[in-house]
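The values are calculated or read from the model by the stated rules, or taken from the named source; none is laboratory data. Every value quoted in this text rests on a predicted model; they were computed, and no experiment measured them. So basically every Cβ, Gly included, is an ideal-geometry build from the backbone, and we count neighbours across all protein chains shown. Surface areas here come from the heavy atoms of the whole protein model, side chains and all, with no ligands, DNA or RNA. Shrake-Rupley method; radii C 1.70, N 1.55, O 1.52, S 1.80 Å.
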Amino acid sequence: MLTLLRHLTSLGHYGGRRSVATVISGNQTSKMLRERLKKEVDHLRTAKVVPGLLVLQVGNREDSNLYISSKLKAAAEVGIEASHVRLPNTVTQEELLRTIASVNEDPSVHGLIVQLPLDCIHRVDVEKITDAVSPLKDVDGLSCVNAGKLSRGELNNCFLPCTPNGCMELIRQTGVSVAGKHAVVIGRSKIVGAPMHDLLLWNHATVTTCHSKTSDIPRQVATADILVVGAGRAEMVRGDWLKEGCVVIDCGINYITDKSKPSGKRVVGDVHYASAYQRAGFITPVPGGVGPMTVAMLMQNTVLSARRVLADVSGASL
Ligand code: GUN
C-alpha cells in the first residue's frame, strides 16, 4: 500500500539523475492507520472495552494546546474516549505525582500521557513525572521501564515512543529495507533521537547518532542511506549534505518569519526541503509528514493497551 507521489523532472536520459525525491505523505499514511484502528476499536467496544486516553497538561502553552487538540480530535475519530486534564502552572511536583497515581488506578484509562514540556512555575523533575506513569499505561513510551526494554530490543514487550514509531512506519512506506543500511540520526532527545536510534538498531541498521558535540555533522550525513532529523533547528540540514537517493525523515517543527503570510510566519522542518528534495530518494514534508504519524501512533498505542486489558480478562493471547 504505497501512498507515494512520484515527481519526475524533465532532465534528460543521459547521465544525470532523472528524478527528484518521492514525497512520503504522513497525512495519507496516518489516515489509513486511523481507519484500521477505528475497526479495531469497534471490535473492542463490542467486547465492552472502550479504549480510554487521558492527556495531562500543566499550564497553558499555545503549542501544547494545538498538539493536544489534534490528539483529542484523532481519538474522537477512531472512537477512543479521550479526556484532557489541565492543571494550573502553580501545581507542585507532589500534586502532579498524586494526580498521576490516581489516573494509574483508574481502570477506564488505558493510556496516560503528560504533555511536555511542562509549563510550571515550580521546579519539577520531569524524569520523576514520566517515570510515575504506570509502564502499562505509558503510551508515550517515555518511562524508564519502556525505554529500557526498547534499548534492549524488546520491541514487542513495550510501548514504543510515538514519533520514532511513526518515522519507522514512514520508512516502511518507502519499501527501502532498514536491515544492513547505514542510518544517521541527528538529535538524542529522550522523545525522538535516542529511541529512534534504538528502533533503527533493532531493525538491524548500523546507526550513527549525531548531537551538539559531533564535530562534523555534514560528513556523517553524507554517509546516510536513511537520515532522521530531530535537531530542533530550522532548515539545518542542507540538500548538498545528502547522499544521493537517501531516505530523509524530518521530525522538525519550527516557525520562521515569512512576511508574505498573513500570520507573518511559516512552519519549516529541520531539513532545508527545497534543496533536499532535489537530492533525496524519499523525503517527508513539513507539515504533513511526521507530525500526523505521531498522533496516529499514540492512538495505536492506546488501542494496544486496551487490547492487552481485554486479553488479560479473557485469557486470550494478542
Ligand atoms: N510534546 C511534544 N511531543 C510530545 C509527545 O509526543 N508526547 C508528549 N507527552 N509531549 C510532547
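The table below lists the values:
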quantity	calculated
Test: residue in the stretch 49-68 that is in contact with a strand residue (DSSP E or B) (Cβ under 7 Å, 6 or more places away or on another chain), open to solvent by 50 Å² or more (accessible area, probe 1.4 Å), more than 16 Å from the ligand (Cβ to nearest atom) and not hydroxyl-bearing (Ser, Thr, Tyr)	yes
Complete set of residues in the stretch 75-123 that are more than 16 Å from residue 305 (Cβ to Cβ), more than 14 Å from the ligand (Cβ to nearest atom) and among the β-branched types (Val, Ile, Thr)	90, 91, 92, 99, 121
Whichever residue in the stretch 131-144 is aliphatic (A, V, I, L, M) and more than 18 Å from the chain's Cα centre (by Cα) and, among such residues, is nearest to the ligand (Cβ to nearest atom)	133
Qualifying residue in the stretch 291-298 (condition: within 16 Å of the ligand (Cβ to nearest atom), in a helix (DSSP H, G or I), open to solvent by 10 Å² or more (accessible area, probe 1.4 Å) and aliphatic (A, V, I, L, M))	yes
Given (1) closer than 12 Å to residue 185 by Cα; (2) open to solvent by less than 10 Å² (accessible area, probe 1.4 Å); (3) in contact (Cβ under 8 Å) with a residue 40 or more places away in the chain, index of the condition residue 221 fails	(3)
The lone exception for residue 257 - which of (1) modelled with pLDDT under 95; (2) in contact with a strand residue (DSSP E or B) (Cβ under 7 Å, 6 or more places away or on another chain) it fails	(1)
The stretch 60-89 residues that are without any contact (Cβ under 8 Å) to a residue 12 or more places away in the chain, paired with ones that are open to solvent by less than 50 Å² (accessible area, probe 1.4 Å) and assigned to a helix (DSSP H, G or I) (beta carbon under 9 Å, 6 or more apart)	73/295
Residues located in the stretch 104-125, provided they are crowded, with 21+ Cβ neighbours inside 10 Å, more than 16 Å from residue 64 (Cα to Cα) and of a type in the set (Val, Ile, Thr)	109
Residue match in the stretch 248-265 (condition: under 23 Å from residue 178 (Cβ atoms), of a type in the set (S, T, N, Q) and either within 16 Å of the ligand (Cβ to nearest atom) or part of a loop (DSSP other than H, G, I, E, B) (or both))	no
Among (1) closer than 30 Å to residue 265 by Cβ; (2) within 15 Å of the chain's Cα centre (by Cα); (3) among the small types (Gly, Ala, Ser) - the single one residue 234 does not satisfy	(2)
Looking only at the stretch 146-180, and only at residues there that are aliphatic (A, V, I, L, M) and in contact with a strand residue (DSSP E or B) (Cβ under 8 Å, 6 or more places away or on another chain), the one that is farthest from residue 198 (Cα to Cα)	176
Subset of the stretch 145-189 that is open to solvent by 30 Å² or more (accessible area, probe 1.4 Å) and touching a residue at least 60 places away in the same chain (Cβ under 8 Å) - its residue that is nearest to the ligand (Cβ to nearest atom)	169
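Every residue, every condition in (1) in contact with an Asp or Glu (Cβ under 6 Å, 6 or more places away or on another chain); (2) assigned to a helix (DSSP H, G or I); (3) under 30 Å from residue 106 (Cβ atoms), yes or no:
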residue	(1), (2), (3)
150	yes, yes, yes
153	no, no, no
159	yes, no, yes
165	no, yes, yes
170	no, yes, no
180	no, no, no
183	no, no, no
190	no, no, yes
